[in-house]
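Trainee: Before I ask anything, here is the structure I am working with.
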Amino acid sequence: MAKKKHKGTEAIKRRNGQLFLLPWSIGFILFFLFPLAQSLMYSFSEVKLDYGEVKLKFTGLENFRALLFENPDFIDNLTTSLTKFIASFPVILILSLVLAIILNQRFRGRLLFRAMYFLPVIIASGVVIEFLMRTNYSVQGLGVSSSLQEDMFSSTQILDFLGLPPQLETYFLSIMGNLMTALWNCGIQIILFISGMQAIPDLLYEVAHVEGATKWEEFWYITFPQLARVTVLVIVFTTVEMLTSKTDVVMETAYSYMQSQMYAESSAMLWIFFAVISSFMGLLILLFNRFCMKRWD
Amino acid sequence: MNSSDLKLNRYKRAEQIKKISYEIFRYFILFSIGYLVIYPLIYMISAAFKSPEDFLNPGIVWLPQSPTAENLKNAFKVLNFKSAFVNTLTLEMVSAFLEIISCSVAAYGLARFDFKMKKITMAALMMTIIVPSTMIIIPTVVNFSNLDFLGIIGLINKLTGSEIRLNILDTPLTFYLPSIFGVGLRSGIMIFIYMQFFKGLPKELEEAAQIDGANALATFIRIALPSSRVVILTVSVFAVIWHWNDYFLAVMYTSQNYPLAVSVANMIVNITSSVSTNTDVITATTMAGCLMFILPVLILYMFVQKGFIKSIDRVGITG
């Protein structure tokens, strides 16, 4: 009898769970899965708009072939956006981890600094950052007005003061520029890391302290492994965010295709790009698991 | 004084030096990176109030000599600020609100209950996080221009020979529909954050309520939600910011009733055509427009900032 009753409550629980997820499941199918399948179909067909109705004609791999072998810009754009990604990804990851560690410590003015570092979250995810990071405000050859990075460091005369040779100076400026762009993109990542660190039980640190571990060891043997799952989330978020930002070359072309109603070409392009992104993401997570997680197994 | 005391002293001093140098290192990093964060903001504010003469005067770096509201006025006009602002509120902010609610419901289901297909549901959720919304935007726009999900309207049209077409593009529904179901702009991440928090919430209270006869929905609303203020605040801040800044979806969904983010993104073209082609004026007007765009969120952030920063400590994501 008792067992039967138990089963009954379990069944109710099960139904409850499904009820809670019912709206989301409907939405997922209608507004995500269905369009995703359509987009896949578009990429394999010739799309014609006929009084607002979409007419598809299956053409097989034609769109992909045209993109990969006939479109001279596509491969170029793809490599450009990937090199940019590979160059700034580790910077973003390390910078946000370091800043999260610092901001998670107790020190004077912590709240103030935290408030300051979260400012990019508000601004950077938007269109504003593009204007701020733009090196010039020229439109259709109107001429260069100002470069923010140059302004920042030459107006304060730091570089002149140091007396660096001009080549080093430009190099320094480009590094600072990249660092700044990276910094403005790490707001959310810092938040994710901090809340990940908050979930680590204090007990672990107390034990380490008793055992006489140094801060460095504490980081490598406690903080870092405990952050593994958050790190995976950060990797996924950063990859998606960076490669699908408005400033990405491939995305820009895809959008211009969309606006000129070349739906098939645009879909095919996005699918190739997505395949590349997800294989990158998979590779990063795999590498992360292989090299970073092995130490504690 | 014996030698062990001396050693201890030396050790203490070494420790102290280590501590101080670390302190210096920390503030050095904090301030230098803080400079990188704050500089563009100050630049924006300063440029927004500069007159063309101030730009030409090399002696003026930060404080404009003759501060002018002309830039703000121009930006206000170019941005079509009034209607774009109202559109942002009615389109983006309402759908942010809907998303905050719908995501919490889905996340509670995933965090608290075991059911058939839970693994598949989780995989589907991960998919919504990983697949960029750009992937599905074309079919979504096509579908919204002719809303007919199960082919019912098409069937009616066929049977009665009528020509009914439900075009919901450029209406609020385009924004609300996905948000109501919790699959709107970056809903996946919001569900994920909610879920992590709900998992860490003690079950006892909810179980007690259920024994007392409350059903699952009542338990969720009366017991779980009130103790989740922290995570609701975090998710709300994210939702508001992301929706406020949303450009991609908005530009595809709207043609006339566009929100502020779209008009800010198209600002430079409009400035050159209607205000001036002088680069300094373009810079100043652009910065004024940017300032007007971020000011509402900035003010909002100032109000919730303390709670938000503290809430991050308490949400605790374990992945």
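The values are calculated or read from the model by the stated rules, or taken from the named source; none is laboratory data. As the structure is a prediction and not an experimental result, all values here were calculated from the model. So basically every Cβ, Gly included, is an ideal-geometry build from the backbone, and we count neighbours across all protein chains shown. Just so you know, the surface numbers come from the protein's heavy atoms only, side chains and all, with ligands and any DNA or RNA stripped out. Shrake-Rupley method; radii C 1.70, N 1.55, O 1.52, S 1.80 Å.
Trainee: Taking a cut-off of 30 Å between Cα atoms, list the lysines near A:Lys84, but don't count ones fewer than 8 places away on the same chain.
Mentor: A:Lys246, A:Lys294
Trainee: Let me ask something else. Only Cα pairs within less than 10 Å get springs; with that Gaussian network setup on chain B, which residue of B:Asn157, B:Asn143, B:Asn80 has the largest fluctuation?
Mentor: Maximum fluctuation in the GNM of chain B, among the listed residues, is at B:Asn157.
Trainee: Here's a follow-up. Which of the lysines could a cross-linker span from B:Lys203 if the Cα-Cα distance has to be under 16 Å and same-chain partners fewer than 8 positions apart are dropped?
Mentor: Result set, ordered by chain and number: A:Lys13.
Trainee: Please compute the modelled spin-label separation between A:Glu46 and B:Asp5, points set 7 Å along Cα→Cβ, answer in nm with one decimal.
Mentor: Label-label distance for B:Asp5 and A:Glu46, simple model: 9.8 nm.
Trainee: Rounded to whole Å, give me the distance from the Cα center of the range B:119-143 to that of the range B:183-218.
Mentor: First find each Cα centre; the distance between them is then 23 Å.
Trainee: Report the local net charge at B:Arg13: Lys and Arg +1, Asp and Glu -1, summed over other residues whose C-beta lies under 12 Å from its C-beta.
Mentor: Once positives and negatives cancel, what remains is +4.
Trainee: Additional query: Amide H to amide H under 5 Å from A:Glu46: which residues, 5+ apart in sequence or cross-chain, H placed 1.01 Å off N in plane?
Mentor: Amide H neighbours of A:Glu46, under 5 Å, 5+ apart: A:Lys57, A:Phe58, A:Thr59.
Trainee: Which residue fluctuates most in the GNM of chain B (Cα springs below 10 Å): B:Lys306, B:Lys19, B:Lys73?
Mentor: The residue that fluctuates most here is B:Lys19.
Trainee: In addition: Ignoring everything but the protein chains, give the 1.4 Å probe accessible area of A:Arg15 in square angstrom, nearest 10.
Mentor: Surface open to solvent at A:Arg15 totals about 140 Å².
Trainee: Now for a separate question. Could you tell me the calculated FRET efficiency between A:Tyr205 and B:Ala218, based on Cβ-Cβ distance and R0 = 45 angstrom, to the nearest 0.05?
Mentor: Numbers: r = 40 Å, r/R0 = 0.89.
Working from the Cβ atoms, E equals 0.65.
Trainee: Over the range A:16-60, calculate the relative contact order: mean separation of alpha carbon pairs under 8 Å at least 6 apart, over the residue count, as a percent.
Mentor: Relative CO of the range A:16-60 lands at 24 percent.
Trainee: Which whole-number percentage describes the relative contact order of the range B:79-265, with Cα contacts under 8 Å and a sequence gap of 6 or more?
Mentor: 42
Trainee: How far apart, in nm, are two points set 7 Å out from the Cα along the Cα-to-Cβ line at B:Lys203 and at A:Glu70?
Mentor: 6.0
Trainee: Over 27 Å between Cα atoms: which of B:Lys18/B:Lys306; B:Lys50/B:Lys77; B:Lys73/B:Lys306 fall into that group?
Mentor: The answer is B:Lys18/B:Lys306; B:Lys73/B:Lys306.
Trainee: Measure off 7 Å from each Cα along the Cα-to-Cβ vector at A:Lys55 and A:Arg110, then give the distance between these two points in nanometres to one decimal.
Mentor: 6.7
Trainee: Follow-up question, since we're still on this one. If the elastic network links every pair of Cα atoms under 10 Å, which of B:Met135, B:Met302, B:Met190 fluctuates the most in the Gaussian network model of chain B?
Mentor: Ranking B:Met135, B:Met302, B:Met190 by mean-square fluctuation puts B:Met135 first.
Trainee: Between A:Phe219 and B:Leu300, take the C-beta separation as r, use R0 = 60 Å, and let me know the FRET efficiency to the nearest 0.05.
Mentor: 0.95
Trainee: Related question: Using a 7 Å offset from Cα along Cα-Cβ at A:Leu287, what residues in the range A:91-120 end up with backbone N under 20 Å from the label point?
Mentor: Answer for the range A:91-120: A:91-98.
Trainee: Still on this structure, please answer the following. I'd like the FRET efficiency for B:Gln16 and B:Asn266, computed as 1/(1 + (r/R0)^6) with the beta carbon distance as r and R0 of 45 Å, rounded to 0.05.
Mentor: On the way: r = 58 Å, r/R0 = 1.29.
So the FRET efficiency works out to roughly 0.20.
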